[in-house]
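The values are calculated or read from the model by the stated rules, or taken from the named source; none is laboratory data. Because the structure is a prediction, the values reported are computed rather than measured. Cβ coordinates were reconstructed from backbone atoms using ideal geometry, including for glycine residues, and neighbour counts include every protein chain displayed.
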Amino acid sequence: MWLKWLPWRFIVRKVAREQGFGDPISVLAQFQNFAQPSDVLAPKELLREGVVLHARGLMNSQAIQHNLDWVWPFWAERQFDPHDKSFIPRAFSLTQINLTHRNWTAVGVPGSDEFPIVDARGLLTPYYDGWSLDVWMITSGPHSLIPSRLAEISQELAMSGNLAVVTRAESGPLSLHSRAEMLTQDDSYACRLTLSGLSTTAHEKSWLVVSLRPYNPEGVSFIHDIELLEQRRGWKVNGKSEIYFDKPADQYEFSYYRHGDVYSRLPSVEDKNKVYCKVGMATAAALFELKPGQARGVVVTVPFRKKEKKSALSRPDAASQWKDSLKPHCKLSIPDERFQFLYDAALRTVILHSPREVYPGPYTYRRFWFRDAAFILYAMLCAGLTERVKHVLDTFPPKQTQSGYFHSQDGEWDSNGEALWIIQKFCEMTRTPPGPACLKTVDKGGLWISRKRLAKEPFSPHAGLLPAGFSAEHLGPNDYYYWDDFWGVAGLRAAGYLENLYGDKDRGRHFDREAGEFLESIRESLLQVQLRLRVKAMPASPYRRLDSGAIGSLAAGYPLKLFEATDPRLMETVEYLLQNCFIDDGFFHDMTHSGINPYLSLHVAQVLLRAGDKRYFDVMKAIAQLASPTGQWPEAIHPITKGGCMGDGQHVWAAAEWILMIRDCFVREEDAESKIVLCSGVPDDWLAAEKEISFGPALTTFGPVSLLIQPGRDKITVSWNGAWFAGAPLIELALPGFPKIRASGGETALDIKRQERPCVS
């Protein structure tokens, strides 16, 4: 505790002067000049994560560039190769981080919080932030197969039964097949890697090699100790983790840092049982000899040791757990195989990453944020996964402070709006009344928004708004973000809705008034901005010019629908972004992310869809093309390499947005008009196949509904079946390119003649 009393500023400045450095305190103080005054300058959560990231980057710089003869992960092999388009000069960079191929896919079982990840070349990392297993093929001659060094491999997501990543690689006479998955094992889980190697060369000895690697897709992860298990059927790593082979290897080889990578020693006939490496860069290899023309299989198992006391009951097998978890989901059937696959993969992604809380990713973002959670939970809710949503919502009250703030990160003034909004959506779409404890949480959350708003100062562009805060990192430095404000309005409306329906009506009316006054303050602020910028487009904050951060202001249209679909403020903002911030039909965010962002691109597509602008489909197609072979998106995508360049390599929010995008193409509520819009995003491409299209049951605020589209040569028949909560809402059929049709009372089907399409010159 005494450390806090030290004169840190004086010490830092004195040391800097003595060493001939500039004064870092003065430099850091200047950072504040680029942001608005705020309660929080930099969230400690992100600072902590940044320190960890760059500490690893520093280790990477020491480990990799001096040992380029080692076999490294795919990203490092590319990023350190001057002949590759992924190359990044090291020069003055103190840290070396994966900035070009942040792509991986988690495997797992619903309900487990263990997420083994597989990178784009099959590298398997069983434990969070741990070591990895790589698989090679070598020969006594010149041939070898090292997946991370291959330009092309084949990888897919297997979804039949269990969830698995399948990787296939070929090089000359050598071919390799691997399947990574997670299985139940008695009362716990295990990661299993099933391998098959084939060599067709008869003139060279060949081996299938399983190698233990001191790194993962982020970089170095220390291995100090490796020793053979009894009966020589696996390894013990760092004295605690165990790796089992279904049969003993023909040879084992070990190495430590000063002796180089184990790869350089293969094949070897040394008979050692263990290795110790002070540096933490121990490596090992298990060699399985191959006969020419005969495939050989090896099964590698990494058990996850259960911390709690063993249960007397065994878990259902993984395939059964996946089947049960998928039972209630909203099913899609379309002729577009790519879109279909991405929808099915996205469903499994959101299920996998909601064991008790909900995580935006299996690795970099394996923690909770209200912002990401709101979108992910909404996608799960729309997909019919209501029980999973409820379990996560039950974790919200403990995350609320005494003041009413829903805290997941300092300075995020949008979190209260997001938490209250998703609680309202759940109650609306399931007709589940909130209990007394939930209403208390809602009340505290709404009051926090009201109290947090700034005073009404004459002629101040931020009068009546929320204070400057950090908000989402992609918006920029601390500022009075409209994103926060729009969510604040939504939160107050949600509190008003829930109190009016289930609680204190006086309190409900109070929140409704507050929401109206808040929205009016935003409108007044936007009018001042309009006069300053001479456009109706909305910047990120009242003091910003138009830039890519304006993407946050689209929240007024999607998902919150605070503005009408074709409001000029929305449409001019979209046009600005399309003209200035799009690369290859994807939204390129040049702040922080500096990559093509899949989920933010889909926010633009949603606004276009709602406005009846057919360009929504161009964005959807672009984002579909950017998905990995396993159907995943990183948070941001490098515009040249098309690999991940920021955030988690499997971003769950992106998967959620794909689910929501597909859903809104078929079913979209316009609550203000008590209306459901059907088929507004069903494109010509799907209708031209003349195959039945179906979607549902999809939860809506009016009740669940299922759709069937039967495209014929002369007409298109759209029928629906709704289990409405309180009578059928107004139904509007809005197939792109055809006149909108409103169903008469009691109608459950409409026919559209093909010739009704207006001629377009």
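Annotations
- Under the condition of being exposed (fewer than 12 other Cβ atoms within 10 Å of the Cβ), part of a loop (DSSP other than H, G, I, E, B) and touching a residue at least 40 places away in the same chain (Cβ under 8 Å), the residues counted in the stretch 427-455 number 1.
- Condition check for Glu517: surrounded by fewer than 19 Cβ atoms within 10 Å (Cβ to Cβ), in contact (Cβ under 8 Å) with a residue 12 or more places away in the chain, acidic (Asp, Glu) and part of a helix (DSSP H, G or I): yes
- Per the conditions (1) outside any strand (DSSP E or B); (2) of a type outside the set (D, E, K, R); (3) closer than 19 Å to Trp131 by Cα, the sole criterion not satisfied by Ala249 is (3).
- Within the stretch 110-137, no residue that is of a type in the set (Ser, Thr, Tyr) and at pLDDT below 95 sits with its Cβ atom under 9 Å from a residue that is surrounded by fewer than 19 Cβ atoms within 10 Å (Cβ to Cβ) and in a loop (DSSP other than H, G, I, E, B) at 6+ positions apart or across chains.
- Within the stretch 242-277, considering residues that are under 20 Å from Val299 (Cβ atoms) and among the hydrophobic types (A, V, I, L, M, F, W, C), the one farthest from the chain's Cα centre (by Cα): Ala249
- Those helices (runs of 4 or more DSSP H) of the stretch 568-670 in which at least 1 residues are of a type in the set (Gly, Ala, Ser) and closer than 29 Å to Val165 by Cα, considering only elements entirely within it, cover 598-610, 616-626, 652-666.
- Flag for Ala169 being buried (at least 19 other Cβ atoms within 10 Å of the Cβ), without any contact (Cβ under 8 Å) to a residue 60 or more places away in the chain, not in a loop (DSSP other than H, G, I, E, B) and not polar (S, T, N, Q): yes
- Filter result for Phe288 (at pLDDT 95 or above, crowded, with 16+ Cβ neighbours inside 10 Å and more than 30 Å from Arg451 (Cα to Cα)): yes
- Any hit, the stretch 329-342, residues being farther than 25 Å from Leu381 by Cβ and in contact with a Gly (Cβ under 7 Å, 6 or more places away or on another chain): no
- If you filter the stretch 72-87 down to residues that are farther than 30 Å from His353 by Cβ and in contact (Cβ under 8 Å) with a residue 12 or more places away in the chain, you find that the one that is surrounded by the most Cβ atoms within 10 Å (Cβ to Cβ) is Phe80.
- Answer from Glu732, Glu747, Glu756 - the residue that is among the acidic types (Asp, Glu) and either closer than 21 Å to His329 by Cβ or modelled with pLDDT of 95 or more (or both): Glu732
- Inter-residue pairs, beta-carbon under 9 Å, first aromatic (Phe, Trp, Tyr) and in the stretch 319-338, second crowded, with 16+ Cβ neighbours inside 10 Å, 6+ apart: Trp322/Val109; Trp322/Pro110; Trp322/Met159; Trp322/Asn162; Trp322/Leu163; Trp322/Arg348; Trp322/Ile351
- Any hit, the stretch 496-505, residues being in contact with a helix residue (DSSP H, G or I) (Cβ under 8 Å, 6 or more places away or on another chain), surrounded by 21 or more Cβ atoms within 10 Å (Cβ to Cβ) and outside any helix (DSSP H, G or I): no
- Residues satisfying the stated conditions in the stretch 635-680, i.e. crowded, with 24+ Cβ neighbours inside 10 Å and polar (S, T, N, Q): Gln650
- Considering only residues in the stretch 367-390 that are outside any helix (DSSP H, G or I) and among the aliphatic types (A, V, I, L, M), the one that is surrounded by the fewest Cβ atoms within 10 Å (Cβ to Cβ) turns out to be Leu385.
- Restricting Gly469, Gly417 to residues that are touching a Phe, Trp or Tyr at 6+ places or on another chain (Cβ under 7 Å) and at pLDDT 95 or above narrows the list to Gly417.
- Of the set (1) assigned to a loop (DSSP other than H, G, I, E, B); (2) touching a strand residue (DSSP E or B) at 6+ places or on another chain (Cβ under 6 Å); (3) modelled with pLDDT of 85 or more, all apply to Arg315 but (3).
- Qualifying residue in the stretch 432-453 (condition: within 30 Å of Asn98 (Cβ to Cβ), among the polar types (S, T, N, Q) and either out of contact with any Phe, Trp or Tyr (no Cβ under 6 Å at 6 or more places or on another chain) or assigned by TED's automatic domain parsing to the domain that holds Glu473 (or both)): no
- Take the conditions (1) crowded, with 18+ Cβ neighbours inside 10 Å; (2) under 19 Å from Pro360 (Cβ atoms); (3) not basic (Lys, Arg); Leu123 misses just one of them, which is (2).
- Residue check, Ala419 in contact (Cβ under 8 Å) with a residue 12 or more places away in the chain, among the small types (Gly, Ala, Ser), touching a helix residue (DSSP H, G or I) at 6+ places or on another chain (Cβ under 9 Å) and assigned by TED's automatic domain parsing to the domain that holds Lys452: yes
- Within the stretch 665-701, the set of residues being among the polar types (S, T, N, Q) and over 15 Å from Phe738 (Cβ atoms) comprises Ser674, Ser694, Thr700, Thr701.
- Among residues of the stretch 439-460, those that are of a type in the set (D, E, K, R), in contact with a Ser or Thr (Cβ under 9 Å, 6 or more places away or on another chain) and farther than 24 Å from Ala419 by Cα, counted: 1
- Screening Glu657, Glu670 for residues that are of a type in the set (D, E, K, R) and touching a His at 6+ places or on another chain (Cβ under 9 Å) leaves exactly one candidate, Glu657.
- Any chance Lys561 is assigned by TED's automatic domain parsing to the domain that holds Gly491, surrounded by fewer than 23 Cβ atoms within 10 Å (Cβ to Cβ), more than 25 Å from Trp686 (Cβ to Cβ) and touching a Lys or Arg at 6+ places or on another chain (Cβ under 9 Å): no
- Boolean, Leu94 is farther than 23 Å from Pro147 by Cβ, of a type outside the set (Lys, Arg), at pLDDT below 95 and surrounded by 14 or more Cβ atoms within 10 Å (Cβ to Cβ): no
- Of the residues examined, Asp479 is not one that is in contact with a helix residue (DSSP H, G or I) (Cβ under 9 Å, 6 or more places away or on another chain) and surrounded by fewer than 21 Cβ atoms within 10 Å (Cβ to Cβ).
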